[in-house]
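Only one structure is covered here, and it is reproduced in the block below.
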Amino acid sequence: MVNHRGGSNHARGFSRRPSFFTIITLCIILLSASSIFIFLFSTRNISDDDDDHQKDLLVEHFNSHSQSQSQSNFQSGSQSLPVPDEQLWDAPFSYGLHPCVKPTSKYKAAQGSDRYITVRCNGGLNQMRTGISDMVAVAYIMNATLVIPQLDKRSFWQDSSTFSDIFDELHFITSLQGDLRIVGELPKELESVPRSRKHFTSWSGMGYYEEMTESLKDYQVIHVAKSDSRLANNDLPLDIQRLRCRTLYHALRFSPPIEILGKKLVERLRSRGGRYIALHLRYEKDMLSFTGCTYGLTDAESEELRIMRENTNHWKVKKINSTEQRIGGLCPLTPKEVGIFLQALDYPPSTLIYIAAGEIYGGDTHLSELMARFPNLVFKETLATKVELKAFARHASQTAALDYIISVESDVFVPSYSGNMARAVEGHRRFLGHRKTITPDRKGLVKLFDKLEIGKLREGSSSLSSLVQKMHKSWQGAPRKRRVALPGLKGKARLRTEESFYENPYPECICSSKA
């Protein structure tokens, strides 16, 4: 260590003539400075190399992702970072909400021993299910005994199933015995008495049925021609709304054969991939004909659907502009559009997808566009054995019940069209804890699909994914109160624009943790 004095002498000596030691010291200083400079320069290069390495890894990741998309017939484009698994599969936050269907302290069971209501249901499985729930409430309001409803055998599916073929009849009767009296058939002595045959007005409230009770007091038997949409969605007493929920979610249990096979199929799906999407692909012949939606079909197929619509008497609208329907978001998504939609949401090609639907119009010709993007598609026919399905053959409502069970239990439910099943499944999933339900914004998506066609967007691109994901951020089944009618509307128009009670039974049948 150099002391202060020695340092001064050394400095004075250096000013006169450099010594050997001074030269050595300078060389050491210069070498040290050079070493520091080289070290800093090298460190910078190492840092730059790491950045380049990270970029290479990202490029490699995106290239690999693009290659996998190409193998699935995707059009590769710029890619965004993958969406986390929990965002793809987890249910929305439910804020502690839970089912609540118990009657209030003021509730009293109906007597209904001397008057009877008979019902002929109309429509497919879920139209009948919600209609039966309505008629249970109507019978309660009118203080009448409900006779087990007759199911629709004249619809498009021509299903000959009886009530007990689809539902557990004994469970239905006993589970509602604290609410009203239900019997299997009309007493023999009343079969020949004059009946009041009524076509109750759609979306009617308490006042309407209280008036009906008074005006029909002279009849022991009242026959109802149609069961669907007989009650309003809103402005009904809490106990009536909860009775509808008890009926639909508890009393209308499927028959044992359907329940057993349905649970088996869910277990098989779980064993294949753990998690799965239930896709209600509403691309059957009757739906396309009814809606007049022919986008993506051949001229021959479009003509076949037009003829079917012309020849179906109870379909009142015969001439439909397919283009206007599609632009207005009134058409089911095509299988190809569903594939693009799920891809944009960032579900990987390996995703297990159960197709909950009847026979797809055009078969593999139209399904191929979806299967190219998501090859892991599963159908009832591939999930169940021929022996297991034999009992359900030619009974569309029974096979639809299997689809219903699998859809309610799925990790994610995606309906391609907002029909009766889509609404019923969404409502049930909300009731059970707001399970993830992604409802496509068809009107918004059509605009994006049209941009794809003209090259303004690229399939598989990050820009398309960003637009689709942002569009559907609030369309995933999160808790919200039921939507009311559009402002300014009155009468039936107002009632028809309300959200279906069975699509969203909140707040009457879904309560907070404090309730």
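A few comments on the model shown:
- Summed over the range 396-438, residues that are of a type in the set (Phe, Trp, Tyr) and either within 11 Å of the chain's Cα centre (by Cα) or open to solvent by 40 Å² or more (accessible area, probe 1.4 Å) (or both) total 2.
- Test result for residue 393, over 19 Å from the mean Cα position of the chain (by Cα), among the hydrophobic types (A, V, I, L, M, F, W, C) and open to solvent by 10 Å² or more (accessible area, probe 1.4 Å): yes
- Index of the failed condition, residue 495 passing every other in (1) farther than 20 Å from residue 280 by Cα; (2) of a type outside the set (Val, Ile, Thr); (3) open to solvent by 40 Å² or more (accessible area, probe 1.4 Å): (3)
- If you go through the range 461-483 and pick out every residue that is over 19 Å from residue 431 (Cα atoms) and either surrounded by 11 or more Cβ atoms within 10 Å (Cβ to Cβ) or touching a Ser or Thr at 6+ places or on another chain (Cβ under 9 Å) (or both), you end up with 11.
- Considering the range 403-452, the residues that are among the small types (Gly, Ala, Ser) and within 22 Å of residue 262 (Cβ to Cβ) include one that is modelled with the lowest pLDDT, namely 419.
Here's the yes/no breakdown for (1) within 26 Å of residue 428 (Cβ to Cβ); (2) in contact with a Lys or Arg (Cβ under 9 Å, 6 or more places away or on another chain); (3) small (Gly, Ala, Ser); (4) open to solvent by less than 50 Å² (accessible area, probe 1.4 Å):
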residue: 257; (1), (2), (3), (4): yes, no, no, no
residue: 265; (1), (2), (3), (4): yes, yes, no, yes
residue: 278; (1), (2), (3), (4): yes, no, yes, yes
residue: 286; (1), (2), (3), (4): yes, no, no, yes
residue: 309; (1), (2), (3), (4): no, yes, no, yes
residue: 341; (1), (2), (3), (4): yes, no, no, yes
residue: 348; (1), (2), (3), (4): no, no, no, no
residue: 352; (1), (2), (3), (4): yes, yes, no, yes
residue: 355; (1), (2), (3), (4): yes, yes, no, yes
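- Cβ-Cβ under 7 Å pairs, at least 6 apart or on other chains, the range 456-476 side without any contact (Cβ under 8 Å) to a residue 60 or more places away in the chain, far side of a type in the set (Ser, Thr, Tyr): 457/463; 475/439
- Looking only at the range 137-151, and only at residues there that are in contact with a Cys (Cβ under 9 Å, 6 or more places away or on another chain) and in a loop (DSSP other than H, G, I, E, B), the one that is surrounded by the fewest Cβ atoms within 10 Å (Cβ to Cβ): 149
- Yes/no for residue 382 being at pLDDT below 95 and closer than 27 Å to residue 452 by Cα: no
- Counting the residues of the range 333-371 that are in a helix (DSSP H, G or I), of a type in the set (A, V, I, L, M, F, W, C) and closer than 22 Å to residue 384 by Cβ gives 3.
- Whichever residue in the range 68-93 is in a loop (DSSP other than H, G, I, E, B) and modelled with pLDDT of 90 or more and, among such residues, is most open to solvent (accessible area, probe 1.4 Å): 93
The values are calculated or read from the model by the stated rules, or taken from the named source; none is laboratory data. For clarity, every value in this text was computed on a predicted model and none was experimentally measured. Here the Cβ is made from the backbone with ideal geometry for all residues, glycine too, and neighbour counts use every protein chain on show. Just the protein is used for accessible areas: all its heavy atoms, side chains included, with ligands, DNA and RNA removed. Shrake-Rupley method; radii C 1.70, N 1.55, O 1.52, S 1.80 Å.
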